[in-house]
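Reading through the structure tokens given below for one structure.
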Amino acid sequence: MGTPAVQVAERVYRFPTVGDFVNTMAIVQNDGSVTLIDCGVKRAPAHIVKGLKAIGKHPNDVQRIVLTHSHEDHAGGAAQVVEDAGLSGVDCHVDEAQYVETGTPPPRDETLLSGRIFQRLPIGGFTATPVANRLTDGELLDDELRVHHTPGHTPGHIALVHEPSGVLVTGDAIWNMASRRTWPVSAFCSDHLLNRKTAHVLGELEYQTVAFIHGPHIDTNARETIRGFLKSKGY
Ligand SMILES: [Zn+2]
């Protein structure tokens with residue numbers, strides 16, 4: 001068993017739910033309540049409860065759950081965590097809400113053969129989850145968590161910046177599996193070229209630490225690392 005909670009910055013933690021391969025992010029608000037970002041796969045909620053315990057918190061302390069997008073490795077545990085926390089639903093981008101509410105994966109990129117194949121397979125579904133708040137680009141949650149709409153991976157994909165601590169959460173715009181920056185698998189994207197284009201914004205934001213849902217976080221030369229990756233890919 002790995003560590004249930006890893007501190008990323010002041011008031012910011014990540015809970016590895018399938019080792020570092022799938023993280024849930026946790027932000028402790030000044031009033032002691034917790035905001036979660038993404039809920040991992042269907043079996044992740046038990047790990048999320050352990051992560052909360054490791055930072056002295058309980059599911060009842062969770063006041064907000066934000067989903068970066070509606071793939072089963074991010075939204076798979078969401079319905080259970082909503083129930084554990086006693087919330088009315090999750091927050092997600094307005095263009096993602098229909099998928100979250102129906103437990104349906106967004107369309108695959110049909111410009112790719114692999115995307116067309118995945119589109120026809122009955123995979124990627126998850127438990128339908130109510131949406132409490134429909135988010136828009138530039139919105140600031142609780143006076144500290146900024147929403148950045150970065151469509152492409154899915155229509156309503158968002159990255160987030162926790163402004164007080166300077167932590168960027170990339171969602172699935174960029175992965176850091178095994179500490180290697182990569183694009184997400186193209187066939188899992190709705191529009192893989194649009195994802196590459198909108199990921200450019202991640203090089204322009206202000207942050208000191210970059211956290212990934214897939215892979216360990218980076219707290220040294222974070223922005224330079226992201227900019228270097230984008231530049232190496234011609235973006
Ligand atoms: Zn994804």
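What to note about this one:
- Total lysine pairs in the stretch 6-232 at Cα distances under 29 Å, for residues eight or more apart or on different chains: 4.
- In a fully extended conformation the segment linking THR102 and ASN30 would gain 22.6 nm over its present Cα-Cα distance, using 0.36 nm per residue.
- Exposure proxy ranking, count of Cβ atoms within 10 Å, fewest first, for PHE21, PHE229: PHE21, PHE229
- The stretch 6-232: antiparallel DSSP beta bridges as a percent of all, rounded to 5: 65
- Under a 5 Å amide H cut-off, with hydrogens placed 1.01 Å from N, THR129 pairs with GLU101, THR102, GLY103 among residues at least 5 apart or on other chains.
- The HN-Hα couplings worked out from phi for the stretch 150-163 by the Karplus form 6.51 cos²θ - 1.76 cosθ + 1.60 (θ = phi - 60°) are 10, x, x, 4, 9, x, x, 5, 10, 9, 9, 10, 7, 5 Hz, whole numbers, x standing for Gly and Pro.
- At most 15 other Cβ within 10 Å, DSSP loop - GluC sites (Glu not before Pro), the stretch 160-235: GLU204, GLU206
- CD proxy at 222 nm, helix term only [per DSSP H run n ≥ 4: -39500 (n - 2.57); per residue of the chain; nearest 500]: -6000 deg cm²/dmol
- One decimal place: the segment GLN63-ALA178 gains 38.2 nm when fully extended, by the rule 0.36 nm per residue minus the C-alpha distance.
- Dipole magnitude for the stretch 6-232: about 780 debye, using +1 per Lys or Arg Cβ and -1 per Asp or Glu Cβ, origin at the Cα centre.
- The stretch 81-235: C-alpha gyration tensor shape, a/c 1.5 cut-off, then a/b vs b/c: oblate
- Separation in nanometres of the label points that stand 7 Å from Cα toward Cβ, at TYR235 and GLU204: 1.3
- Considering only the stretch 68-165, percent of DSSP beta bridges that pair antiparallel, nearest 5: 65
Coordinate-derived values only; no laboratory data. All figures in this text were calculated on a predicted structure; none of them were measured in a lab. Glycine gets a Cβ as well: all are built from the backbone with ideal geometry, and neighbour counts include every protein chain shown.
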